[in-house]
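Here is the structure we will look at.
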Amino acid sequence: MNRKRVSKAVVHQPAAQFYDRFVEAIKERIRSAQIKAALAANAQLVLHYWEIGRDILASQKREGWGTRVIDRLAADLQREFPKLSGYSARNLKYMRAFAQAWPDREIVQQLAAQIPWGQNCVLLDRLKDAVTREFYIRKTVEHGWSRSVLTHQLDTKLHERQGKAPSNFPLTLPPPQSDMAREILKDPYIFKPAPLDESVSERALESALVGRLKDFLIEMGSGFAFVGNQYRIEVDGDEFFLDLLFYHTRLHCYIVIDLKVVDFEPEFAGKMSFYQAAVDNLIKTPQDAATIGIILCRGKNKTVVEYTLRDAKSPMGVAEYRLLPPKLKAKLPAVSQLKDAVTGVDVADA
């Protein structure tokens, strides 16, 4: 009897596994359809708002109406559609500004309609230049930024920092990967909330960044997968510890980050080259690309960095870090008041 029961279970197990896979496939199909429907609905809403804004602009120009007509229009729409939201005077003014900023319907469909209306309003408030707005729209689509993350990237002027760090990638990586690697670098990196003052030790800075890993990964950018901090490697019986080790899912390579709370010195590159060689030999698989090194320093002399990287054989970049955007630093109390504070304080996500 026992043998028969076991045999019967074995017979039905493949069918059960098939059903489980079948159910998961259906669930994934539904989730995908929900996402597509939400994106399509968002695009339709943004285009609808653009059309209203275009009509307001055209009517004001043709009839000579002033801005007060928008208040009247909002009141009329509220009376006609009392249960509908989104047609307040404030939002109608955003619609007009949106149509004025993006006069070409095709560009709206291909670009601005790909992000939520709220994010478009943030960009209208913060940026006058269409090229810069387009940069942030593309980054929002690429990385799926929320409004708070988009606001943070605007506050820290990502468009002025991305791809600006000096590196030797053109000399050490093949062209497609060297371009991609250059784009993942920023200079400076801005980490928030600032957990410590500028006199912090390297280990304390590392612990603070890892303790707020979500914010840290957002600043590092898309594709960075955290492997570990103080990552132990052993070379012929000697132990070494990497400050931070990541794997980049788009570049298909490991990335070693070495934190320095002092200005860049040429000898930092030699240490980084050793770490990269160790990772390449002990961790990297044949399918992975060469390990990239990023040295994060408090400051740097650009010429010294260029001279140092010119003869370095392994791909690496050097960037500065900031603990807070410059405009916020003036609001901080004196260093002496911070030394025994802030480190252990939990700060809500932006």
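Remarks
- Distance distribution P(r), the range 80-239, all Cα-Cα pairs, bin width 5 angstrom from 0: 1, 7, 13, 14, 15, 14, 12, 8, 5, 4, 2, 1, 1, 0, 0, 0 percent.
- Beyond 20 Å in Cα-Cα separation lie the following of the pairs K284/K313; K139/K164; K36/K93; K93/K139: K36/K93; K93/K139.
- Whole-number accessible area per residue in Å² for the range 257-299, which is evaluated in the context of all protein chains at 1.4 Å: 40
- Calculation over all alpha carbon pairs of the range 204-266 in 10 angstrom steps from 0 returns a P(r) of 19, 47, 30, 4 percent.
- Gyration tensor over alpha-carbon atoms, the range 15-90, equivalent ellipsoid semi-axes in Å: 46, 14, 6
- The range 148-287 has equivalent-ellipsoid semi-axes of 24, 20, 15 Å, by the square roots of 5 times the alpha carbon gyration tensor eigenvalues, sorted largest first.
- Set K260/K300; K214/K271; K157/K186 screened for pairs whose C-alpha atoms are more than 18 Å apart: K214/K271
- Rounded accessible area of D179 (nearest 10 Å², 1.4 Å probe): 90
- Rounded if a/c under 1.5, otherwise prolate or oblate - the range 222-331, Cα gyration tensor axes: prolate
- Relative contact order, percent, the range 202-262 [alpha-carbon distance under 8 Å, six or more residues apart]: 28
- Relative packing of 259-270, 33-44, which averages over residues the other C-beta atoms within 10 Å, highest first: 259-270, 33-44
- Full extension of the chain between V210 and Q230 gives 6.1 nm of extra length, using 0.36 nm per residue less the Cα-Cα distance.
The values are calculated or read from the model by the stated rules, or taken from the named source; none is laboratory data. Computed from a prediction, not measured in an experiment: that's the story for all the values here. With ideal geometry, Cβ positions are generated from the backbone for all residues, glycine too; neighbour counts draw on all protein chains shown. When the accessible area is computed, the model is the full protein with side chains, heavy atoms only, and any ligands, DNA or RNA have been set aside. Shrake-Rupley method; radii C 1.70, N 1.55, O 1.52, S 1.80 Å.
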